[in-house]
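What follows is a short report on a single structure.
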Amino acid sequence: MREQIEAYAKRLKLSWIREHFDELEADSNQEYLLKLFEQEVQNREERKVNLLLSQAQLPKTGNQPFQWEHIRIPQGIDRERVLDGTFIKEKENLILYGGVGTGKTYLATLICLNAIHRFGSKVKFFTVASLVNKLIEANQQGSLPKLIKQIEKLDLLVLDELGYIPLHKQGAELLFQVISMCYENKSIVITTNLQFGQWNHVFGDPILTEAVIDRLIHHSHLLVFTGDSYRYKESLLNQ
Ligand SMILES: Nc1ncnc2c1ncn2[C@@H]1O[C@H](COP(=O)(O)OP(=O)(O)OP(=O)(O)O)[C@@H](O)[C@H]1O
Ligand SMILES: [Mg+2]
């Protein structure tokens, strides 16, 4: 009988039940069934979150509470709406701009974690350099359409560290293609240390730069990180 139960559970893709159905105690059939279903659903949700987390490839973060004091938030959005992912539902973008160590990557990561845990959103975190490398590689290997399709399925794309490295012509054009594809379709969070006036140095070509900025800022909020580097502060504290 055990084997048959396992076989049916397998066919029905009830993997928690298949492995643990004989571990539950209950006073009635109904209570037993209820507990089985509860555990199966809970297990499924945990697996889904874990899958979304592993696909998102988020950087490791500290676990100290996020400090908002030195972040200027524009009208039209507030802390709550940044963190609760409302902007993702509205397909708006965030541009996190400021100096090194001020929390841009940290905030982008927290936004991703919340979106996954609260809404089961599909998110992916790239540094600009890593995405551009991937795009160039995919282009060379003829798998660009596949990569673009993967990005198309996301709810939120994070592009970290725009501005740290200038892009070659082909890289800039491919990145533009991704940003255009996301335009009005999904949210992008960009972190950067450069004002818009300097994005030219990254994209190399003024017309392309203008087209990128135009698309990004159309439905976006610019958060300005004005503080000193937390890395610096933390290393002083540790001395
Ligand atoms: N606002 C903040 N509140 C709490 N901790 C912070 C904050 N900002 C930064 N930190 C701490 O400092 C570390 C570095 O911050 P983070 O990597 O987010 O900086 P960044 O702005 O992305 O810098 P860079 O431009 O160099 O990439 C974080 O991992 C975190 O531990
Ligand atoms: Mg960073």
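When region 63-119 is filtered for residues that are basic (Lys, Arg) and within 16 Å of ligand 1 (Cβ to nearest atom), the ones remaining, listed by number, are Arg72, Arg79, Lys104.
Among the residues of region 128-142, is there at least one that is within 16 Å of ligand 1 (Cβ to nearest atom), among the β-branched types (Val, Ile, Thr) and farther than 26 Å from Glu90 by Cβ? No, every residue in region 128-142 fails to be within 16 Å of ligand 1 (Cβ to nearest atom), among the β-branched types (Val, Ile, Thr) and farther than 26 Å from Glu90 by Cβ. When region 195-239 is limited to residues that are of a type in the set (Ser, Thr, Tyr) and in contact (Cβ under 8 Å) with a residue 40 or more places away in the chain, the one that is nearest to Gln177 (Cα to Cα) turns out to be Ser220.
Elements of the type helices (runs of 4 or more DSSP H) sitting completely within region 28-126 and holding at least 2 residues that are among the aliphatic types (A, V, I, L, M): these cover 29-56, 79-83, 104-119.
Criterion first (among the aromatic types (Phe, Trp, Tyr), assigned by TED's automatic domain parsing to the domain that holds Lys146, within 16 Å of ligand 2 (Cβ to nearest atom) and modelled with pLDDT of 95 or more) does Phe176 satisfy it? No: the conditions fail for Phe176.
Taking the listed residues Leu96, Leu83, the one that is within 13 Å of the chain's Cα centre (by Cα) and surrounded by 14 or more Cβ atoms within 10 Å (Cβ to Cβ) is Leu83, with no other qualifying.
All of (1) within 30 Å of Pro65 (Cα to Cα); (2) of a type outside the set (D, E, K, R); (3) under 24 Å from the mean Cα position of the chain (by Cα); (4) surrounded by fewer than 20 Cβ atoms within 10 Å (Cβ to Cβ) hold for Ala211 with one exception: (1).
The values are calculated or read from the model by the stated rules, or taken from the named source; none is laboratory data. Computed from a predicted model, the values in this text were never measured in an experiment. All Cβ positions, even for glycine, are placed from backbone atoms using ideal geometry, and neighbour counts span all protein chains on display.
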